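What follows is a set of notes on a single structure, which appears directly below.
Bear in mind that the values in this text are calculations on the coordinates, not laboratory data. No experiment lies behind these values; they were computed from the predicted model shown. Cβ atoms come from the backbone with ideal geometry, glycine included; neighbour counts cover every protein chain shown.
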């Protein structure tokens, strides 16, 4: 009898062992085939309803390695095909997957997070289904896990849920969740990859609204982010994330931008702006600087203190007109609008001249339009800022930009730049080439106005107006203008005023057979 019982027990154990070995062999073979990511293999698996096999018995298996392999297989299927979408959004199946998040085995937790991430990133409705499975309490606990790989997978799943539907951000990123993430930024053992993932999440959170940005501030998130930015050991990816997060906080209001500046970000921001190896770091530094500089004159002065304007110019040279230069171009314009000192520094350091090069080069259209606007702001003060721009050759490219474009905004920005330089440069030699029938009448009227005001006061300017050919071109405008261009009354009045500054015989000579000017001309040697 004893032998019979012993034999029966052995048979039971053998049966269980065989089942265990079979499960292990099956899931191992599935994992090996899945790793090939072969479409034919995947299609064959799907025809055999592999998802049901993995979902129903295996993702809740008592053997951790079986659960891990089953979860990894589901992640691969979710990533590579849409055929199992209904099963992936089934609340009952998601509830089974959720059990992996509370498993005592950290590797099972990690695989569960990665599988749910693969499902959540498919569509917003998939992300909603995962969120409705009530995974947040388990994820919050995992942020305090010991295993770094588990925390990385947890943050990835949280980031995926937030990115899929930003309207759920306030629900997911509670103050406690943010605080737990920030705590991990302080830990020396936290990996660079995890710090980057957390910081990107905080950036996404802050981007949503001023209240969410304030939530990041209230949970003391800025201090560790800034400390990481200051660290010489910070990777390119981490620097990019830190700059992005600070910029997203600063963009919402003057008060939040001031809070960011209280972290002393100006020096690392400028250093990152000139990073020689990473366009992403430079771009996010430029965005941060722009968000701060455009807020108030005081913040602008602070962020651009100690050589900041020169750094902007160097950044423009580095980017060579690419789209990543746009934030810096806008920063120069906004800063110049705030402070004359910024305009003077831009001219002195060569930053303004870089804008001229952008206008004269084949650069991104948005960058060129922004450069025209920035030039108008720089030139708006006086000859001290407008004359160097004219000397650098800003007028021809602005004129070409105005003439060659039909887009209203492009023409408006070009015209704005032209007017500011024309009226403020006090350099008639730079304006003389614009006295020409090829200059649009809308621009020509402003050029003629300047000459009408300036010529009566200077004999030398009158001589130059003749010797440069400007007088002849002006007097022949009516017959040389294109058919669709007409001079308005203001331009015609300026022509009369200018003509009266010269002897009648000189005017008649250059006018040819045209009717004489009404009035009495003056000689070059008249007393001024």
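To one decimal place, what Kirkwood hydrodynamic radius in Å is obtained for segment 308-425 from all pairs of distinct Cα atoms?
The answer is 13.3 Å.
Once the convex hull of the C-alpha atoms of segment 173-306 is built, how many Å³ does it hold per residue, rounded to a whole number?
It comes to 88 Å³ per residue, whole-number rounded.
Once you have the alpha carbon radius of gyration of the chain, what is it after dividing by 2.2 N^0.38 Å, with N set to its residue count? Don't jump to the answer; show the numbers that get you there.
Details: Rg = 35.0 Å, N = 528, 2.2 N^0.38 = 23.8 Å.
Here the answer is 1.47, to two decimals.
Report the label-to-label distance for residue 41 and residue 90 in nanometres (one decimal), using points 7 Å from each Cα along the Cα→Cβ vector.
Going by the 7 Å Cα→Cβ label model, 2.5 nm.
Between residue 163 and residue 25, what is 0.36 nm times their sequence separation minus the Cα-Cα distance? Round to one decimal in nm. Kindly include the intermediate steps, with their values, before the conclusion.
Values: separation 138, 0.36 × 138 = 49.68 nm, distance 3.75 nm.
Contour length minus Cα-Cα distance gives 45.9 nm.
If you look at just the Cα atoms of segment 140-230, how large are its Rg and its Dmax in Å?
12.0, 34
Taking every pair of Cα atoms in segment 108-179, average 1/r, invert it to obtain the Kirkwood radius, and report Rg/Rh to two decimals.
0.93
Determine, from the Cβ-Cβ distance of residue 463 and residue 412 and an R0 of 56 Å, the FRET efficiency 1/(1 + (r/R0)^6), rounded to the nearest 0.05. Please report the intermediate quantities before stating the final value.
Working: r = 36 Å, r/R0 = 0.65.
The pair residue 463/residue 412 has a calculated efficiency of 0.95.
Could you give the length gained by full extension between residue 136 and residue 60, i.e. 0.36 nm per residue of separation minus their alpha carbon distance, to one decimal place?
Stretched out fully, the residue 136 to residue 60 stretch lengthens by 25.4 nm.
For residue 492 and residue 317, what does the FRET efficiency come to when R0 = 30 Å and r is the distance between their Cβ atoms, rounded to the nearest 0.05?
The value I calculate is 0.10.
If r is the Cβ-Cβ distance from residue 348 to residue 217 and R0 is 41 Å, what FRET efficiency results, to the nearest 0.05?
It comes to 0.65.
To check my understanding: the extent here is largest minus smallest coordinate of the Cα atoms along each principal axis. What are those three numbers for segment 364-513, in Å, largest first?
Per principal axis, max minus min of the Cα coordinates gives 50, 36, 22 Å.
What is the distance, in nm, between label points placed 7 Å from the Cα along the Cα-to-Cβ direction at residue 258 and at residue 454?
4.4
What's the ranking of 483-489, 334-340, 459-465 by average number of surrounding C-beta atoms within 10 Å, highest first?
334-340, 459-465, 483-489
Please check which bits of segment 17-47 a label hung off residue 80 would reach, taking the label as a point 7 Å along Cα-to-C-beta and the cut-off as backbone N under 15 Å.
What the label zone holds, given the 15 Å backbone N cut-off, is 28-47.
Along each principal axis of its Cα atoms, how long is segment 40-120 end to end? Whole angstroms, biggest number first, please.
Principal-axis extents of the Cα atoms in segment 40-120, largest first: 35, 21, 18 Å.
Please give the peptides 232-242, 392-402 ranked by average Cβ packing (other Cβ atoms within 10 Å per residue), highest first, as a rough proxy for protection.
392-402, 232-242
Add -39500 (n - 2.57) for each DSSP H run of 4 or more in the chain, then divide by its residues: what number comes out at 222 nm, to the nearest 500 deg cm²/dmol?
My calculation for the chain gives -21500 deg cm²/dmol from helical runs alone.
Taking 0.36 nm per residue of separation and subtracting the Cα-Cα distance, what length does fully extending residue 105 through residue 235 add?
Computed gain between residue 105 and residue 235 is 43.7 nm.
Order 151-162, 301-312 from most to least packed using the mean count of other Cβ atoms within 10 Å.
151-162, 301-312
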